[in-house]
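Everything on this sheet refers to the single structure shown next.
The values are calculated or read from the model by the stated rules, or taken from the named source; none is laboratory data. Note that the structure is predicted; figures quoted are calculated from it, not measured. Note that we place each Cβ from the backbone using ideal geometry, even for glycine, and neighbour counts take in every protein chain shown. Accessible surface areas use protein heavy atoms only, side chains included; no ligands, DNA or RNA. Shrake-Rupley method; radii C 1.70, N 1.55, O 1.52, S 1.80 Å.
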Amino acid sequence: MKNYMVFDVGGTKVKHGIINENGDILEKDKYDTNCSELGEFVDNMMQVIKKYEKKYELSGIGISLPGFINFSTGYSEKAGAITVLDNQNLKEILEKHIKLPIKIENDANCAALAEGFNGNAKGCSDYVCITIGTGIGGAIVSEGKLQHGHKFKSGEFGFMVLNENGGTSTVSERNSTRALIDDYKKYKGISDSDLVEGNTVFLEAEKDEKVAEIIEAWFQRVSALVFNISVVLNPEKVLIGGGISERAGFIKDIRKHLEKLRDWEDLKVDIDLCKHKNDAGIIGAFTLFI
């Protein structure tokens, strides 16, 4: 049976593991991301590859990477928080050291592929994934094919512009988990440098009506994003992922606000959670070979 090594490169952690051709995760682990020096970033990755090569016969390496990724060449114009990979080609760099086939794809696209493989989009030919975290990411699958766009920037929903209170902002700046936390900090007078988790905001809402209103306003903005994407693309499903989506009742709250929108009843699509959560990146990286 063929085994594939997979990486999911994030701004703080690099997840990695081995997945067999049936999609079973045989083992997985993670290490801290080195975003400051390219040589060390590659060395850390090579150490893990060599460790797995001693234990498994590998048929290829799949990598999930943030940013604008040319999936056919491996070149990253921008790599999100992994700035050492801006204007670099990780595929070519690794191929200098190893002979295995290497495939690289954008992280949100990998999440969408994972959902289509054996997640909550299995059997769907038209669906959208929206990821909510520090920013807003996304991926579009149409007629069974991942849509990359002319310059591999399709699905970057977080860059969409909003016009609020006479000024402009982006969807990431207003709809992300970071945006919710920033609104909470502003209300509470908490310094921008102080660490606050999203869960803290929801716990505070149980005893502070103003915080509850901040959360409701945030859900309203997220639901408007879901509505707009749904009416533009008319998918069979919209899947939502990211740590905050794992909260109990999250989808119920999204649906509640969608139902308040005038034309949702006529234009509605199925809304669901992404299934794979923290494993979405590595599973999606594996699917690049199937």
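Some notes on this structure:
- For the stretch 247-290, a tally of residues being assigned to a helix (DSSP H, G or I), within 30 Å of residue 62 (Cα to Cα) and basic (Lys, Arg) returns 1.
Condition check ((1) within 19 Å of the chain's Cα centre (by Cα); (2) closer than 18 Å to residue 160 by Cα) across all residues:
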| position | (1), (2) |
| --- | --- |
| 203 | no, no |
| 209 | no, no |
| 213 | no, no |
| 216 | no, no |
| 226 | yes, yes |
| 239 | yes, no |
| 244 | yes, no |
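- Counting only strands (runs of 3 or more DSSP E) that sit completely within the stretch 126-173, those holding 1 or more residues that are more than 18 Å from residue 273 (Cβ to Cβ) and at pLDDT below 95 correspond to 161-164, 167-170.
- Restricting attention to the stretch 160-201, the residues that are open to solvent by 70 Å² or more (accessible area, probe 1.4 Å) and touching a Ser or Thr at 6+ places or on another chain (Cβ under 6 Å) add up to 2.
- Cβ-Cβ contacts under 7 Å between residues 6 or more apart (or on different chains), taken from a first residue in the stretch 112-131 that is among the charged types (D, E, K, R) to a second residue that is in a helix (DSSP H, G or I) and modelled with pLDDT of 95 or more, are listed as 122/116.
- Selection over the stretch 222-244 of residues that are in a helix (DSSP H, G or I) and farther than 19 Å from residue 125 by Cα gives a count of 8.
- Any hit, the stretch 24-43, residues being surrounded by fewer than 18 Cβ atoms within 10 Å (Cβ to Cβ) and closer than 13 Å to residue 284 by Cα: yes
- Pair list, Cβ under 6 Å, 6 or more apart: the stretch 185-207 residue over 16 Å from residue 133 (Cβ atoms), other residue open to solvent by less than 80 Å² (accessible area, probe 1.4 Å) and β-branched (Val, Ile, Thr): 204/211; 205/211; 205/215
- The C-beta contact set for the stretch 54-70 (first residue within 26 Å of residue 154 (Cα to Cα) and outside any strand (DSSP E or B), second residue open to solvent by 10 Å² or more (accessible area, probe 1.4 Å) and of a type in the set (Asp, Glu), distance under 8 angstrom, 6+ apart or interchain) comprises 66/107; 67/77; 67/86; 70/77.
- Any hit, the stretch 101-119, residues being touching a helix residue (DSSP H, G or I) at 6+ places or on another chain (Cβ under 7 Å), of a type outside the set (Ser, Thr, Tyr), closer than 21 Å to residue 287 by Cβ and surrounded by fewer than 19 Cβ atoms within 10 Å (Cβ to Cβ): yes
- When residues of the stretch 122-140 are limited to those that are in contact with a Pro (Cβ under 7 Å, 6 or more places away or on another chain) and open to solvent by less than 40 Å² (accessible area, probe 1.4 Å), the one nearest to residue 182 (Cα to Cα): 128
- Residue within the stretch 228-241 that is open to solvent by 20 Å² or more (accessible area, probe 1.4 Å), hydrophobic (A, V, I, L, M, F, W, C), in contact with a strand residue (DSSP E or B) (Cβ under 7 Å, 6 or more places away or on another chain) and over 20 Å from residue 155 (Cα atoms) present: no
- One residue alone among 52, 56 is aromatic (Phe, Trp, Tyr) and either open to solvent by 20 Å² or more (accessible area, probe 1.4 Å) or at pLDDT below 95 (or both), and that residue is 56.
- When the test is whether a residue is open to solvent by 20 Å² or more (accessible area, probe 1.4 Å), out of contact with any helix residue (DSSP H, G or I) (no Cβ under 6 Å at 6 or more places or on another chain) and farther than 20 Å from residue 158 by Cα, residue 204 does not pass it.
- Candidates in the stretch 66-83 are the residues that are open to solvent by less than 30 Å² (accessible area, probe 1.4 Å) and at pLDDT below 95; of these, the one that is nearest to the chain's Cα centre (by Cα) is 66.
- Cβ pairs under 8 Å, 6+ apart, first in the stretch 279-290 and within 14 Å of residue 102 (Cα to Cα) and of a type in the set (Ser, Thr, Tyr), second open to solvent by 20 Å² or more (accessible area, probe 1.4 Å) and in a helix (DSSP H, G or I): 287/113; 287/116; 287/117
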